[in-house]
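K.L.:
Pasting in a structure now, in structure tokens, and then I'll have a few things to ask.
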Amino acid sequence: MRPLPELLPWSEWFWTSGADGRLRIQRCNDCDAYVHPPAPICPKCHSTSSAPTPVSGRATVAGFTVNSHQWLPSFEPPYSIAVVALEEDPHVRLTTNIVGCEPTDVHVGMEVAVRFEQQDDVWLPGGRTLAPRAEACADR
Ligand SMILES: [Zn+2]
């Protein structure tokens with residue numbers, strides 16, 4: 001089983017947002033900045049007013065590595081771990097796995113789109129835990 005994130009009051013919506021297939025990123029209601037990872041206070045203007053905002057789910061690979069060691073039983077190597085820049089704001093970065101192509105095909109500048117993976121055996125208040133993953137090669 002995949003290790004799951006700790007659901008905090010200000011981030012639970014992020015991990016359950018994919019139930020309808022939409023990626024949502026926290027957006028400040030006062031300065032419009034996208035904030036990720038979710039936080040109770042906007043790092044740009046210190047506002048405490050924000051809302052989960054649907055985004056396109058499209059991003060560009062900004063950096064990556066290919067892991068070849070089996071650290072966990074549920075993670076069969078090799079697999080890629082990438083930092084992707086959000087289409088709406090390239091300063092917003094998400095760390096994710098790139099799936100849908102060989103790990104050695106991942107490259108900086110590759111366009112990816114979000115794909116959600118549901119962990120069936122974990123149930124949490126408000127919805128199932130979902131881990132955002134990028135679907136590589138989807139737009140090629
Ligand atoms: Zn702000």
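The values are calculated or read from the model by the stated rules, or taken from the named source; none is laboratory data. Treat the numbers as computed from the prediction; the structure is a model and nothing was measured. Remember, those area values only see protein heavy atoms, side chains included, never the ligands or the DNA or RNA. Shrake-Rupley method; radii C 1.70, N 1.55, O 1.52, S 1.80 Å.
K.L.:
Solvent-accessible area per residue for segment 1-117 at a 1.4 Å probe radius, Å²?
P.N.:
Working: 6520 Å² over 117 residues.
On a per-residue basis, segment 1-117 sits at 56 Å².
K.L.:
Counting only protein heavy atoms and using a 1.4 Å probe, what share of the accessible area of segment 1-125 belongs to carbon plus sulfur, as a whole percent? Walk me through the numbers before you get to the answer.
P.N.:
Values: 3860 of 7170 Å².
C and S fraction of accessible area: 54 percent.
K.L.:
Can you give the accessible area of Ile41, probe radius 1.4 Å, in Å² rounded to 10?
P.N.:
Approximately 90 Å² for this residue.
K.L.:
How much accessible surface area, in Å² rounded to 10, belongs to the heavy atoms of Arg27 with a 1.4 Å probe?
P.N.:
Accessible surface of Arg27 is approximately 80 Å².
K.L.:
Where does segment 2-131 land on Rg(C-alpha)/(2.2 N^0.38 Å)? Don't jump to the answer; show the numbers that get you there.
P.N.:
Values: Rg = 15.4 Å, N = 130, 2.2 N^0.38 = 14.0 Å.
For segment 2-131, the normalised Cα radius of gyration comes out at 1.10.
K.L.:
Would you kindly find the accessible area of His36, with a 1.4 Å probe and non-protein molecules such as ligands, DNA and RNA excluded, rounding to the nearest 10 Å²?
P.N.:
50
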